[in-house]
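J.: One structure coming up, written as structure tokens, with questions to follow.
The values are calculated or read from the model by the stated rules, or taken from the named source; none is laboratory data. This structure is a prediction, so every number in the text was calculated from the model and none was measured. Glycine also receives a Cβ, built like all others from the backbone with ideal geometry; neighbour counts cover every protein chain displayed. Areas reflect the complete protein model, heavy atoms only, side chains present, ligands, DNA and RNA absent. Shrake-Rupley method; radii C 1.70, N 1.55, O 1.52, S 1.80 Å.
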Amino acid sequence: MRVLFVSAEVAPFAKVGGLADVAAALPRALAELGVEVAIAMPKYRGVEGKTRLSPVGSVSVPVAGEEKMCQVLRGWLPEGKVPVYFIAHDPYFDRDQVYGEGGGDYPDSLERFALLSRGALVLAGELGVDILHVNDWHTALVPVLVRAGFGPARVKTVLTIHNLAYQGVFPWARRTALGLPESVASVLEHRGKLNLLKGGILAADLLTTVSPTYAREILERGEGLEEYLRPRAGDLVGVLNGVDYSVWDPETDLHLWANYSAEDPSGKAENKRRLQVELGLEPDPRAPLVGMISRLAEQKGFDLVMEAFDRMMALGVQFVLLGTGDPRYEAFFEKAAGRHPKRVAALITFSEEWAHRIEAASDIFLMPSRFEPCGLNQMYSLRYGTVPVVRATGGLADTVREYDPERGGGNGFTFEEYTPEAMLSALRRAVDLYLRDPEVWKRLMLRGMREDHSWETSAREYLKLYQKLAGS
Ligand code: ADP
């Protein structure tokens, strides 16, 4: 089985959100199962510092009205088992950011990702792959091209939707940049606009998304694309993302101040102590520390957090946030930290190191998402003994179960209604238990730490899907 996995983000080369983690961890897990898997992505600025690159050829693709010649360089995922093909086109990819500056997208995103898609198609032909696995709108053009006969004849396509809210929508007139006959371009039309994800949904041989609950939810409310998703319900599979424990495990995590595990969780307290010192919080080991690490986007429930903020602080918690994004939210949290310097810390930046430290130091991890296709941080939190408080939506509903005081089951706290009151009530249940009964809290923590959310099960599921497709 040969697979080419195509993604706009792949950790550690380029990361904006969860897509990057998945695009590295899933191919790695597939390789473990014996799949011959390679990755294709753009050669963004700075990649050369992260892997040894060797030129392996070039591809010429028609984008924006001309043939663009791109060098192809090969590097490797850390551990050296999965080759990564970097498609180089400096005018498009040698930039400061992956998608754009100041929260927006670069104005030529269409051309940038059309080039990635076209380039990946040529590469797939050269590598002789059976499956082209593409991800989100950036590469949703690939299945459209394959179906229209622009790709290798017998290749099958899988499109994974990591977030249906981002569809790659552009003015209809911009379709000329794709260099497609009108009959093919028409597949990309939705409500008078060019919509790349819509085309991919129609054209891919198989659709997957990143949790079973999100798969059901998007058939109900599909961000305006339900009319295309519903007829394909039989080809839409929800496969839960996993955790790459080679990157996210407190026992081996090099970013932490102290390592720890379910067998010996004592080091967790040292991480909390150091974080409080470094960020100038009250050095109080018993203050419930609530953490958030997130893109500061509306999807993530920040309206609830802002509305409930003072009431949340009145529960006696400390609060630490790491995130960048919408300037409205950035300003709110910076101001909140200014108002409560000893109890609130806001790191308005992107930092892998601090993401790991906050996972380890916090007692409670808050994810009140409006919607959440899968969510990774709640699963990281479980392994780090940081009890998740989440809104029961999408992948959060599939991974976090309400603590059951009667039978001692569950791994976190959940709420359903998208209101500040419902969120506060779940937080209050968590904080009360934390303050009242450290022994029971510890058992709750340890239950989460011992759960297995590794990629193996999900990778097997993907492999089965590939095999079925390739055999059909
Ligand atoms: P999404 O893909 O919607 O952003 P996920 O929960 O699936 O949400 O994945 C988010 C990933 O991005 C996690 O690995 C998280 O740690 C990381 N992340 C988000 N914001 C930051 C940040 N400011 N600094 C470091 N890592 C971040």
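J.: Please find, among 462, 418, the residue that is buried (at least 17 other Cβ atoms within 10 Å of the Cβ) and among the hydroxyl-bearing types (Ser, Thr, Tyr).
T.: Criteria check complete, one pass: 462.
J.: Counting only residues that are open to solvent by less than 10 Å² (accessible area, probe 1.4 Å) and in contact with a Lys or Arg (Cβ under 9 Å, 6 or more places away or on another chain), how many does the range 300-311 have?
T.: Count: 3.
J.: Related question: Any chance you could count how many residues in the range 429-447 are without any contact (Cβ under 8 Å) to a residue 24 or more places away in the chain and closer than 19 Å to residue 383 by Cα?
T.: 2
J.: Take residue 291 and tell me if it is within 15 Å of the ligand (Cβ to nearest atom), within 16 Å of residue 353 (Cβ to Cβ) and modelled with pLDDT of 95 or more.
T.: Yes; evaluated as a whole, the condition is true for this residue.
J.: Taking residue 375 as meeting all but one of (1) crowded, with 24+ Cβ neighbours inside 10 Å; (2) part of a helix (DSSP H, G or I); (3) small (Gly, Ala, Ser), write down the number of the exception.
T.: For residue 375, the failing item is (2).
J.: Something else now. Given the criterion more than 27 Å from residue 454 (Cβ to Cβ), in contact with a Phe, Trp or Tyr (Cβ under 9 Å, 6 or more places away or on another chain) and surrounded by fewer than 16 Cβ atoms within 10 Å (Cβ to Cβ), identify the matching residue among 108, 90, 94.
T.: None of the others qualify; the one that does is 94.
J.: Let me ask another. Select from the range 141-160 the residues that are touching a residue at least 40 places away in the same chain (Cβ under 8 Å), open to solvent by less than 10 Å² (accessible area, probe 1.4 Å) and within 15 Å of residue 202 (Cβ to Cβ) and list them in ascending order.
T.: Hits for the range 141-160 are 141, 142, 143, 144, 157, 158, 159.
J.: Taking the range 370-386, which residues are touching a Pro at 6+ places or on another chain (Cβ under 9 Å) and among the aliphatic types (A, V, I, L, M)?
T.: 379, 382
J.: Report whether or not residue 178 is at pLDDT 95 or above, touching a Leu at 6+ places or on another chain (Cβ under 8 Å) and under 29 Å from residue 399 (Cα atoms).
T.: Taking the combined requirement at face value, the residue does not satisfy it.
J.: Residue by residue through the range 191-245, note down the ones that are assigned to a strand (DSSP E or B) and either over 21 Å from residue 118 (Cβ atoms) or open to solvent by 40 Å² or more (accessible area, probe 1.4 Å) (or both).
T.: Listed by number, the residues that qualify are 193, 206, 207, 208, 209, 236, 237, 238, 243.
J.: Contact list please: Cβ distance under 8 Å, first residue in the range 212-228 and within 14 Å of residue 202 (Cβ to Cβ), second residue of a type in the set (A, V, I, L, M) and outside any helix (DSSP H, G or I), pairs at least six apart or on different chains.
T.: Pairs found: 222/164; 225/164.
J.: Output the number of residues of the range 348-382 satisfying the condition of being closer than 17 Å to residue 162 by Cβ, among the charged types (D, E, K, R) and more than 8 Å from the ligand (Cβ to nearest atom).
T.: Counting residues in the range 348-382 that are closer than 17 Å to residue 162 by Cβ, among the charged types (D, E, K, R) and more than 8 Å from the ligand (Cβ to nearest atom) gives 1.
J.: If I filter the range 161-180 down to residues being surrounded by fewer than 18 Cβ atoms within 10 Å (Cβ to Cβ) and free of Cβ contacts under 8 Å to residues at least 24 places away in the same chain, which single residue comes out as farthest from residue 463 (Cα to Cα)?
T.: Step by step, filter the range 161-180, then rank; the result is 173.
J.: Residues in the range 403-413: is at least one more than 15 Å from the ligand (Cβ to nearest atom), under 29 Å from residue 265 (Cα atoms), hydrophobic (A, V, I, L, M, F, W, C) and not in a helix (DSSP H, G or I)?
T.: Yes.
J.: Further question: Being farther than 20 Å from residue 42 by Cα, assigned to a helix (DSSP H, G or I) and not hydrophobic (A, V, I, L, M, F, W, C) is the filter here; which residues of the range 125-177 pass it?
T.: 147, 174, 175, 176
J.: Take residue 26 and tell me if it is within 16 Å of the ligand (Cβ to nearest atom), open to solvent by less than 20 Å² (accessible area, probe 1.4 Å), aliphatic (A, V, I, L, M) and touching a residue at least 12 places away in the same chain (Cβ under 8 Å).
T.: Considered against the rule, which asks whether it is within 16 Å of the ligand (Cβ to nearest atom), open to solvent by less than 20 Å² (accessible area, probe 1.4 Å), aliphatic (A, V, I, L, M) and touching a residue at least 12 places away in the same chain (Cβ under 8 Å), residue 26 comes out as yes.
J.: If you don't mind, another one. Need the failing condition index for residue 103 against (1) at pLDDT below 95; (2) open to solvent by less than 40 Å² (accessible area, probe 1.4 Å); (3) among the small types (Gly, Ala, Ser), just the number.
T.: Condition (2) is where residue 103 drops out.
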